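One structure is given below, encoded as structure tokens.
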Amino acid sequence: MSKIWIILSVIFLSTQTYSQEAILHISNESIDKEYCLVYNAAWTNLSNSLRDSVTYQVVNLVSSYLCNSSAIVIDVTGKALVVMRGQCDFSQKALVAQEKGAAALIIASNNTMTPPSANESEYGKVHIPLVLMRYRDFVDAQQVFGKDMSARLYAPPVPVFDVSIVVMLIIAVSTVALGGFWSGAAEKDKQSEGAFPGRTEETSSGELSLYSPLKVVIFVALMCTMLVLMYFFYRWLVYVIIAIFCLASATALYSCLDALLNKVGCGICSFSCHSKEVSVRSLVLAALCVSVAVVWGVYRNEDRWIWILQDLLGIAFCLNFMKTITLSNFKICVILLSLLLLYDVFFVFITPFLTANGESIMVQVALGPESAGEKTDGNIVEVPADPTPTYEKLPVVMRVPRFSAWAQNLCGMQFSILGYGDIIVPGLLIAYCHRFDVWTGSSRRVYFICCTIAYFLGMIVTFAVMLLSKMGQPALLYLVPFTLITSAVVAWSRKEMQQFWAGTTYQVLDSTREPLSPDGEPGYASGERKC
């Protein structure tokens with residue numbers, strides 16, 4: 001048993017990395033408090049735990065930039081100096097403090113903090129810990145502790161793999177599976193009413209089918225245009241998107257809950273009002289859904305808990321979208337998913353070469369133009385001087401906090417994110433696969449199950465590449481090939497590719513014509529022909 005624990009411990013430690021965020025633990029005889037630090041792990045060695053860290057007496061020199069030794073007029077031997085950022089290089093400040101006998105240097109910053117750096121030749125000259133902290137945090141420490149402060153600096157290792165990835169995987173796979181199942185169930189209900197498989201017109205239930213390649217191309221072009229407009233006019237258009245999201249997500253949540261209550265057989269109690277029947281259940285559901293959307297809209301920047309509501313509304317939005325918008329055949333699926341794959345790759349990987357700041361348009365729009373802390377690639381961390389966000393974020397991503405981010409309460413919450421498009425786009429194909437299972441009378445739902453498993457494997461590959469490269473990945477780069485190829489292989493192996501491509505158990509010549517039976521004559525639900 002002891003050998004097993006040793007092996008598990010080695011595996012766990014091998015998956016840990018040293019963050020560029022650290023903790024400043026300040027205390028006196030009765031109070032303890034911790035603050036966020038940023039440091040360069042290649043330049044400064046910090047203890048892994050509070051117990052092993054060194055205690056320093058803090059000396060307040062924030063009135064000085066410490067660019068020359070004349071700024072120090074007292075004995076600072078063995079103490080930690082706190083000075084202001086600016087006027088000279090980090091290495092120059094550190095060398096001055098080191099020359100005067102200081103044991104550590106803390107630089108207070110009013111700007112966004114990144115790990116301090118210098119020329120390679122300077123690294124070997126500095127032998128004392130050098131860290132950055134928010135100036136506002138130091139002011140708070142002065143108010144809490146006064147002049148008598150003892151400080152300890154430490155930086156626990158952070159696991160590369162975080163539980164939030166598992167939570168995100170469960171959310172994504174569950175959503176596409178439920179959305180695909182719902183779409184297939186709705187198709188089965190329509191089929192029982194005598195509707196043609198694969199019909200292309202808008203149905204009475206409000207569903208809309210995409211059947212024209214031209215419309216798909218126009219749709220993707222509009223998405224590109226909207227993304228570019230968001231990049232240039234983010235500060236104004238973001239409020240339009242927030243308003244649309246509140247309305248659309250409340251409607252989607254109502255649709256999902258109403259369908260769920262219908263499924264469990266919840267009765268509808270109604271009353272008459274001005275000669276009209278009003279459903280009590282509908283009123284209660286509407287009030288609940290609107291309330292959830294309004295609460296999210298009011299507290300949307302409260303990171304500690306609002307992500308739960310945002311993910312709930314996002315799941316409802318994705319489910320309702322997959323049930324409402326249907327793809328009429330595999331040809332449309334291939335065109336749409338291929339174009340969106342190119343769209344995703346271009347705006348993530350190519351646009352950094354075209355923008356002035358070298359950031360991808362997709363990342364900047366998805367996370368907000370000032371969300372530096374969430375746009376890091378794992379090698380560079382940026383912590384804002386003000387932990388309160390002053391910018392709006394687009395509500396088009398699933399967000400799950402990184403549970404192993406030990407400093408997230410100090411430096412700001414860190415999130416694993418996944419765009420709605422990475423759920424909806426493959427989800428539309430999965431929904432089509434389930435509808436095709438219904439059309440062919442497959443009780444085992446072969447297409448639906450295989451495509452859902454392919455999506456699951458694609459998500460695992462996406463997260464694996466992200467962890468190995470320490471960079472955010474365009475998920476569609478992996479999800480689209482996995483789902484499209486799997487669906488095509490299943491169709492070929494079952495010798496149903498012709499029907500799967502056309503989107504019906506009949507052969508379809510033209511989207512504007514009625515389905516044709518195998519002998520070329522128009523087919524009808526009753527099995528009769530025109531005279």
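The numbers here are math on the coordinates, done by the rules we state, and not lab data. Treat the numbers as computed from the prediction; the structure is a model and nothing was measured. Neighbour counts are summed over all protein chains in view; Cβ atoms, including those assigned to glycine, are modelled from backbone coordinates with ideal geometry.
Taking neighbour Cβ counts within 10 Å as the exposure measure, how do His25, His127, His434 sort from fewest upward? Intermediate results must be reported in sequence, preceding the final value.
Details: His25 18, His127 12, His434 27.
By the 10 Å Cβ count, ascending, the order reads His127, His25, His434.
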State to the nearest 20 debye the size of the charge dipole of segment 21-157 about its Cα centre, where the only charges are +1 on K and R beta carbons and -1 on D and E beta carbons.
140 debye
Residue-span extension gain [Asn111 to Ala42] - 0.36 nm each, minus C-alpha spacing:
22.6 nm
If I model a spin label as a point 7 Å beyond the Cα along the Cα-Cβ vector, how far apart are those points for His127 and Ser30 in nm?
4.1 nm
Quick one: order Lys276, Lys215 by neighbouring beta-carbon count within 10 Å, fewest to most.
Lys276, Lys215
Can you give the extra length, in nm with one decimal, that the chain gains between Ser69 and Lys495 once fully stretched, where that is 0.36 nm per residue apart less the Cα-Cα distance?
145.1 nm
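Full-extension gain between Gln191 and Glu359, please, as 0.36 nm times their residue separation minus the C-alpha to C-alpha distance.
Contour length minus Cα-Cα distance gives 55.6 nm.
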For Met471 paired with Glu302, estimate the spin-label separation in nm (one decimal), with each label point 7 Å from Cα along the Cα-to-Cβ line.
3.8 nm
Kirkwood hydrodynamic radius, computed over distinct alpha-carbon pairs, for segment 21-157: how many Å, to one decimal?
14.8 Å
Environment charge at Cys67 (Cβ cut-off 14 Å; Lys +1, Arg +1, Asp -1, Glu -1)
+1
Determine, for Phe403, Phe500, Phe233, the number of other Cβ atoms within 10 Å of each Cβ, and report the residues in order from fewest to most.
Phe233, Phe403, Phe500
Measuring from label point to label point, each 7 Å out along Cα→Cβ, what is the Cys266 to Cys88 span in nm?
6.9 nm
Antiparallel as a % of all DSSP beta bridges within segment 21-157, to the nearest 5?
55 percent
